[in-house]
Amino acid sequence: MAFCPDQLGGTVQVLRVSYHKLVRDQVPAIIAADGHQAVTRVLDQAGYEAALRAKLLEEAHEAQAAPDVGKLASELADVLEVLQALAAAHHMIWEDIVSEGSRKRGERGGFDQRIFLEYVDQAR
């Protein structure tokens, strides 16, 4: 718990919720519109790239846990947004990434056949 000055010259106890994560650009304004105060900072390039990678995992876990198709679509949109930002942060061209995906699909296939690898017996 933290204490902050109130409008009458006293103090009020507030609940501080820590996030320590990258958020979309409009999130601080949304928090302010809800009557709360967000404390933020702007990351340097290295911190931004690391935060994007962490955000990718966060969003992928949320997609994995999505309870229905509607929520899954929303979470996949978040994953896509993070992928695009991560590519841009590394000065990559999105079309080049799509081409690389096509190349890999041609070389190794996709996931259309639903093949689940259980194990491999290797002769020694």
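Table: residues versus (1) at pLDDT 95 or above; (2) in the same structural domain as Met92 (by TED's automatic domain parsing); (3) touching a helix residue (DSSP H, G or I) at 6+ places or on another chain (Cβ under 9 Å).
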| residue | (1), (2), (3) |
| --- | --- |
| Gln13 | no, no, no |
| Tyr19 | yes, no, no |
| Leu22 | yes, no, yes |
| Ala51 | yes, yes, no |
| Lys71 | yes, yes, yes |
Condition (residue is surrounded by 13 or more Cβ atoms within 10 Å (Cβ to Cβ) and either over 17 Å from Val23 (Cβ atoms) or among the small types (Gly, Ala, Ser) (or both)) applied to segment 101-108: is it met by at least one residue?
no
Checklist (1) at pLDDT 95 or above; (2) out of contact with any Ser or Thr (no Cβ under 7 Å at 6 or more places or on another chain) applied to Pro28, failing item
(2)
Under 6 Å by Cβ, and 6 or more places apart or on different chains, what pairs join a residue from segment 14-30 that is over 17 Å from Val82 (Cβ atoms) with one that is surrounded by 10 or more Cβ atoms within 10 Å (Cβ to Cβ)?
Val14/Cys4; Pro28/Ala38; Pro28/Thr40
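Has segment 38-48 got at least one residue that is loosely packed, with under 10 Cβ neighbours inside 10 Å, in a loop (DSSP other than H, G, I, E, B), out of contact with any strand residue (DSSP E or B) (no Cβ under 9 Å at 6 or more places or on another chain) and among the β-branched types (Val, Ile, Thr)?
Pass one, segment 38-48, residues loosely packed, with under 10 Cβ neighbours inside 10 Å: 39, 41-42, 44-46.
Narrowing further to those that are in a loop (DSSP other than H, G, I, E, B): 39, 41-42, 44.
Now narrow it down to the ones that are out of contact with any strand residue (DSSP E or B) (no Cβ under 9 Å at 6 or more places or on another chain): 39, 41-42, 44.
If we keep only those that are among the β-branched types (Val, Ile, Thr) as well, we get 39, 42.
Yes, segment 38-48 contains a residue that is loosely packed, with under 10 Cβ neighbours inside 10 Å, in a loop (DSSP other than H, G, I, E, B), out of contact with any strand residue (DSSP E or B) (no Cβ under 9 Å at 6 or more places or on another chain) and among the β-branched types (Val, Ile, Thr).
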Filter result for Tyr19 (among the hydroxyl-bearing types (Ser, Thr, Tyr), under 28 Å from Ala88 (Cβ atoms) and in a loop (DSSP other than H, G, I, E, B)):
yes
Pair list, Cβ < 6 Å and 6+ apart or interchain, from segment 97-114 residues that are in the same structural domain as Leu83 (by TED's automatic domain parsing) and closer than 19 Å to Gln84 by Cβ to residues that are of a type in the set (A, V, I, L, M, F, W, C) and modelled with pLDDT of 95 or more
Ile97/Ala87
Which condition breaks for Leu56 when tested against (1) more than 15 Å from the chain's Cα centre (by Cα); (2) surrounded by 14 or more Cβ atoms within 10 Å (Cβ to Cβ)?
(1)
Failed item in (1) of a type in the set (Phe, Trp, Tyr); (2) under 24 Å from the mean Cα position of the chain (by Cα); (3) farther than 16 Å from Leu52 by Cβ, with Trp94 passing the rest
(3)
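The values are calculated or read from the model by the stated rules, or taken from the named source; none is laboratory data. All figures in this text were calculated on a predicted structure; none of them were measured in a lab. Every residue, glycine among them, receives a Cβ derived from its backbone with ideal geometry; neighbour counts consider all protein chains shown.
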